[in-house]
Structure formats: C-alpha cells, structure tokens
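Okay, so here's the structure we're looking at.
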Amino acid sequence: MAEIHWMTAMELAAALESGDLSSREITEALVARTDALDETLGTYLHRTTERALAEAGEADARRKAGEAKSRFDGVPLAYKDLFITKGVPTTSGSKILKGFVPPYDATVVARSHEAGLPMLGKLNMDEFAMGSSTENSGYQLTRNPWDTERVPGGSSGGSAAAVASGMTPWAWGTDTGGSIRQPASLCSLVGVKPTYGFVSRYGMIAFASSLDQAGPLTRTVADSAALLEIAAGHDEMDSTSIPGDRPALLDGIDGGIDGLRIGVVKEFSGAGSDPGVTTLIDQAYARLEKLGATIEEVSLPSFEHGIPAYYLIAPAECSSNLARFDGVRYGARVEGDDIIRMTSRTRAQGFGPEVKRRIMLGTYALSAGYYDAYYGKAQKVRTLITSDLAAAYEKVDLIASPTSPTTAFKLGERTDDPMAMYLSDIFTVPVNLAGNAAISVPAGLSPDDGLPVGLQLIAKSLDEPTMFKAAYAFEQDLGFATSDKGRPPL
C-alpha cells in the first residue's frame with residue numbers, strides 16, 4: 001500500500017471499505033504530515049485536529065455498524081477559509097474578520113459533513129479571494145511545494161499547496177477568475193470551476209457574486225468528480241442555484257473521447273506564454289488527438305478583452321459586497337469618536353492594499369458619470385464573450401487552452417506590478433464571465449524549469465460530464481498525475 005498521505009480519495013475510500021485502513025489512521029497520518037510540513041509551506045490558517053480525529057472515530061463506528069453515510073465516509077478534507085464553518089474561525093484571509101466565529105455552515109460544508117468527511121481545518125488564501133499568488137493574505141505567505149521560493153497560485157493557494165504536499169487528499173476552493181484552476185496548474189493538481197450555479201454559494205463570503213463558484217482541488221480527475229458530486233445540486237438558500245438533482249459525475253467517466261471535437265483558441269496562440277508551457281500544451285493537443293478527438297481552431301475574438309472587462313465587473317461587485325465589513329456587526333473594530341471615524345479606521349486597518357485597490361476601482365466604475373463608460377461597457381463585453389463561446393460550441397464539444405501562461409513565479413516577483421499579476425489569469429477569466437465549466441489537469445513539467453503546467457478544458461454550461469470524461473482520458477493516458485513524477489520533491 002502506498003504512503004497514506006499520497007493516496008487519493010478514491011483509494012482511501014476503497015481502503016476504508018475493505019477494512020485495510022480506519023479513518024482514525026488516515027486522519028492521524030495527515031495530521032502528522034501537516035505537522036512536518038506546514039511550518040515551511042504555510043497552508044493552514046486554522047487547524048481543527050481534535051475535531052477531525054473525533055469525526056474520524058465516529059466515521060469508523062458508522063462503518064463498523066454498517067451505517068456509512070457515503071462511499072467517502074471517513075475521508076478527511078479541508079476548506080478554503082471563505083467557507084463559513086459553524087463554531088470554527090472564518091476570516092477570508094482578512095484581518096477585518098479576525099476572531100469571527102460563524103453560527104452556521106455553508107452549504108458546501110454542510111453537504112461535506114453529511115457525507116461524513118472529517119474537517120482538518122481552514123486554508124490560507126488571498127484576502128477576500130483577491131489575488132493570483134496568495135501573497136495578499138492578511139496573515140501569512142503560502143509557498144509552492146514544488147519550489148518553496150515560488151508562489152502556489154491564488155487565490156486558493158493554501159488549498160492547492162495542502163493537497164499537492166499530501167496534507168489532505170482533497171480540498172474545497174473557490175474560483176472567481178481562475179482561483180482554483182491557476183493554482184491547480186502551478187501545483188500539478190486537478191482543479192474544477194463548475195458551471196455557475198452548479199454548487200451553492202450559500203455561506204461563501206462573497207467577492208463578486210455573479211462570478212464566484214466553489215470547486216474541488218484534488219490530485220486526480222476522479223477525485224474532483226467525486227467531491228463535486230457530494231456538494232453539487234440545487235439549494236433553496238441560493239437564488240442562483242440551478243434546479244435539479246445532484247449529478248452522477250463518476251458515471252461513464254472512463255468512456256473515452258473517440259469522436260469528440262475539441263477547439264483550440266486562435267486568439268490564445270502566442271499570448272505571452274512561456275516556451276515550456278507552449279511545448280507541453282502542444283503535446284497535450286496531440287495526445288488528445290491520438291485518443292480519438294479531432295482538434296480544430298476556433299476564433300473567440302472577445303476573449304482578448306476578458307481581463308479589462310473582468311477588472312471592472314469584479315471590483316464593482318466587491319465594492320458593494322465588502323461594504324458590510326464596517327466594524328459594527330462582526331469581525332475586528334478600531335474605535336473612533338463617532339461611527340464615521342470608527343468605520344473609516346476599521347476599514348483602513350482591516351483591509352489590505354489589494355482589497356482597497358479593488359474597492360476604489362469598483363466604486364469609481366459605478367459612480368455617476370462613469371457607469372456607462374466603464375461598468376456598462378464591461379457588461380457588454382461579457383455578453384460578447386458568452387456569444388462567442390456559444391458560436392464556438394456549434395462547431396466543437398470542448399475548448400482547450402493552457403491554464404496559465406507561465407509556471408509558478410517567484411515570491412515577490414509581481415507584488416509591485418498589479419498588471420503582471422492580473423495577466424496570470426488571462427486564460428481563465430473569460431470562463432467566469434460566461435459562467436461555463438472548466439477544468440485544469442496536469443500536463444507535465446516544463447522543459448524550461450521543471451515546474452508544473454496545466455491543460456484547461458472548457459465545457460458548455462452544465463456539460464461537466466463531457467469535461468470530466470476528456471480530462472480523465474488525458475490524465476490516464478499521460479500517466480503523470482498518479483506517478484512519482486507528479487508529486488513534489490518533499
């Protein structure tokens with residue numbers, strides 16, 4: 001049997017079912033792994049070790065009695081720290097929420113608990129999910145397990161680093177403009193941004209409400225499909241939740257891709273990608289073709305405007321959403337002579353530089369005299385992106401691209417250059433604007449620097465099954481993710 005910390009969730013579930021492992025043994029191994037590595041990597045903001053061990057014991061008792069809650073009852077996991085967790089501190093990576101302990105669970109958390117998954121803790125992130133490197137956390141740096149002098153990506157960097165280093169078999173993240181897929185690419189993981197509305201946003205601390213979506217970070221495609229199955233489906237607590245039953249995403253995942261039509265984006269060719277990234281992605285396209293897919297070029301001319309449109313729409317929504325953090329009802333408070341001074345001081349000291357930048361940008365874009373010129377125009381671009389995708393899907397079943405134009409960059413390399421940081425998401429942002437589903441799957445290590453590269457597959461809305469089928473076929477044929485080469489040298 002492989003070392004417990006490198007076993008996938010599917011393997012752990014099988015070992016629990018056969019009796020080869022107990023949930024307590026699994027949890028203890030993951031806790032020990034975290035004890036050994038987290039001081040260096042900085043993935044957790046709050047660990048719930050005693051709770052996880054207690055929940056593991058309960059899972060073992062249920063299995064012994066033949067009353068397992070689900071196939072994965074007893075397989076531990078961790079959460080990005082913007083998922084509300086009852087009785088467990090939740091900060092969204094911001095000092096303005098320091099000390100906040102919620103009175104309820106997010107739907108994602110509640111459904112994971114219902115499936116019997118012990119909670120290992122809450123993971124570091126860019127403050128309010130605003131960033132592409134996890135350097136914007138109000139608390140600590142998270143380092144990439146592949147090279148601790150480099151970023152793990154963001155904003156779900158803590159989730160990515162924890163899974164990549166074997167501290168947890170899977171974790172929940174969120175994706176507003178690439179915040180699951182980009183760290184997945186930089187850490188050699190599978191990361192999924194589902195169709196908007198596929199997973200409930202109830203209990204997720206909002207950044208940009210029309211863009212935010214929860215999704216899994218895992219080491220294999222099957223694990224991502226399994227975790228998404230657990231939490232997806234309609235939730236009456238979220239008005240944007242899509243009606244319908246929970247999907248069966250593992251069914252038929254190994255069906256192959258013979259005859260599948262896959263489009264390659266014309267406008268993404270040579271779009272500032274590292275040579276090593278381009279080499280591996282070209283090889284990935286050839287591999288998909290070898291597996292039976294047909295590859296053809298598609299034009300998505302509006303995609304080049306995705307970044308500027310996103311950086312008007314997302315800040316506009318965040319400027320509204322973050323108005324609730326005022327020191328009055330919850331979180332940190334800095335006293336003042338009156339409520340105006342108290343609120344101003346609380347927000348000045350509680351928010352970090354990137355959050356302040358986006359609030360100011362969003363407030364400006366929504367202000368009288370500028371709304372039509374900026375926010376209104378960005379929404380028109382969003383409509384064009386959605387239309388371009390719809391036209392492309394008349395010709396192809398999936399669209400493929402790099403996930404990130406570069407491999408992991410060095411800590412501090414882009415902190416003084418917001419535009420360079422924003423361009424990290426050039427391939428991922430249009431998907432959020434359109435609301436489609438997308439997955440990043442490991443494509444190997446760059447020949448230039450030996451760091452991970454991710455392949456992105458973009459599906460039609462609600463066509464997660466086709467997306468998973470293609471990602472699974474690619475993963476299995478490449479054989480990289482489940483090999484020793486797919487693990488960081490820790």
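Here, each number is a calculation from the coordinates, and none is a lab measurement. Just so it is clear, the model here is predicted, and its values are computed rather than measured. Cβ sites come from the backbone with ideal geometry, for glycine too, and all protein chains shown count toward neighbours.
Ratio of Rg to Rh for the chain, alpha carbon only, Kirkwood? Please list the in-between numbers first.
Details: Rg = 21.2 Å, Rh = 22.3 Å.
Looking at the chain, the ratio lands at 0.95.
Among DSSP beta bridges whose residues both lie in the chain, state the antiparallel percentage, nearest 5. Display every interim value, and only then the final one.
Working: 30 of 43 bridges.
Counting DSSP beta bridges with both partners in the chain, the antiparallel share is about 70 percent.
Count the net charge of all other residues whose Cβ sits under 9 Å from the Cβ of Val192, scoring Lys and Arg as +1 and Asp and Glu as -1.
Neighbour charge sum, excluding Val192 itself: 0.
Sort 351-361, 456-466 by the packing proxy (mean of other Cβ within 10 Å over each peptide's residues), most packed first. Walk me through the numbers before you get to the answer.
Working: 351-361: 18.4, 456-466: 21.9.
With the highest mean Cβ count within 10 Å placed first, the list reads 456-466, 351-361.
Rounded to the nearest 20 debye, what is the charge dipole size of region 183-273 about its Cα centre when +1 sits on each Lys and Arg Cβ and -1 on each Asp and Glu Cβ? Can you show the working numbers first?
Working: 6 positive and 11 negative charges, 75 e Å.
About 360 debye.
Considering the dipole of the chain built from charges on the beta carbon (Lys and Arg +1, Asp and Glu -1) around the Cα centre, which of Gly244, Gln456, Ile295 is farthest to its positive end?
Farthest along the dipole direction, towards plus: Gly244.
Listing Glu289, Glu58 from the residue with the fewest other Cβ atoms within 10 Å to the one with the most, what is the order? Please list the in-between numbers first.
Numbers: Glu289 13, Glu58 17.
Least to most surrounded, the residues fall as Glu289, Glu58.
What is the dipole size for region 301-349, taken about its Cα centre, with +1 at each Lys and Arg Cβ and -1 at each Asp and Glu Cβ, in debye to the nearest 20?
Magnitude of the dipole: close to 180 debye.
Within the set Lys266/Lys460; Lys377/Lys410; Lys356/Lys377, which residue pairs have Cα atoms separated by over 27 Å?
Values: Lys266/Lys460 18 Å; Lys377/Lys410 35 Å; Lys356/Lys377 23 Å.
In this structure, Lys377/Lys410 lie more than 27 Å apart at Cα.
Ranking request for peptides 152-163, 396-407, 365-376: highest mean number of other beta-carbon atoms within 10 Å first, then the rest in descending order.
Working: 152-163: 35.2, 396-407: 24.6, 365-376: 13.5.
The most tightly packed comes first, giving 152-163, 396-407, 365-376.
Given the rule -39500 (n - 2.57) for each run of at least 4 DSSP H residues, summed and divided by the residues of the chain, what is its mean residue ellipticity at 222 nm, to the nearest 500 deg cm²/dmol?
Numbers: 15 runs with 179 residues, N = 490.
Helices in the chain give a 222 nm mean residue ellipticity of -11500 deg cm²/dmol.
Subtract the Cα-Cα distance of Tyr104 and Met419 from 0.36 nm times their separation in residues, and report this length gain in nm to one decimal. Each step should come with its number before you reach the end.
Details: separation 315, 0.36 × 315 = 113.40 nm, distance 3.75 nm.
Length gained between Tyr104 and Met419: 109.7 nm.
Within a Cβ distance under 11 Å of Glu335, other residues only, what is the Lys/Arg minus Asp/Glu net charge?
Values: positive: Arg333, Arg341, Arg345; negative: Asp337, Asp338.
Surrounding charge for Glu335 is +1.
So, by mean Cβ neighbours within 10 angstrom, what's the order for 102-109, 225-232 with the highest one leading?
Details: 102-109: 20.4, 225-232: 25.5.
Averaged packing, sorted descending, gives the order 225-232, 102-109.
For the chain, with the dipole built from +1 on Lys and Arg beta-carbon atoms and -1 on Asp and Glu ones, taken about the Cα centre, which of Tyr311, Gly362, Thr407 lies farthest toward the positive end?
Gly362
About the Cα centre, and with charges only on the beta carbon of Lys, Arg (+1) and Asp, Glu (-1), how big is the dipole of the chain? Nearest 20 debye, please. Please report the intermediate quantities before stating the final value.
Working: 45 positive and 62 negative charges, 230 e Å.
Dipole of the chain, to the nearest 20 debye: 1100 debye.
Need the full-extension length gain, Ala368 to Ser483, defined as separation in residues times 0.36 nm minus the C-alpha distance. One decimal, nm.
On the way: separation 115, 0.36 × 115 = 41.40 nm, distance 5.61 nm.
That works out to 35.8 nm of additional length.
If you stretched the chain out fully between Ser299 and Ala36, how much longer would it get, using 0.36 nm times the residue separation minus the C-alpha to C-alpha distance?
Details: separation 263, 0.36 × 263 = 94.68 nm, distance 4.82 nm.
Fully extending the segment from Ser299 to Ala36 adds 89.9 nm.
Out of all DSSP beta bridges in region 158-311, what portion is antiparallel? Express it as a percent rounded to 5.
Of the beta bridges lying entirely in region 158-311, close to 60 percent run antiparallel.
Cut-off is 10 Å between beta-carbons; in what order do Glu127, Glu39 appear when sorted fewest neighbours first? Present the calculation step by step, with values, prior to reporting the outcome.
Numbers: Glu127 28, Glu39 8.
Fewest-to-most ranking of Glu127, Glu39: Glu39, Glu127.
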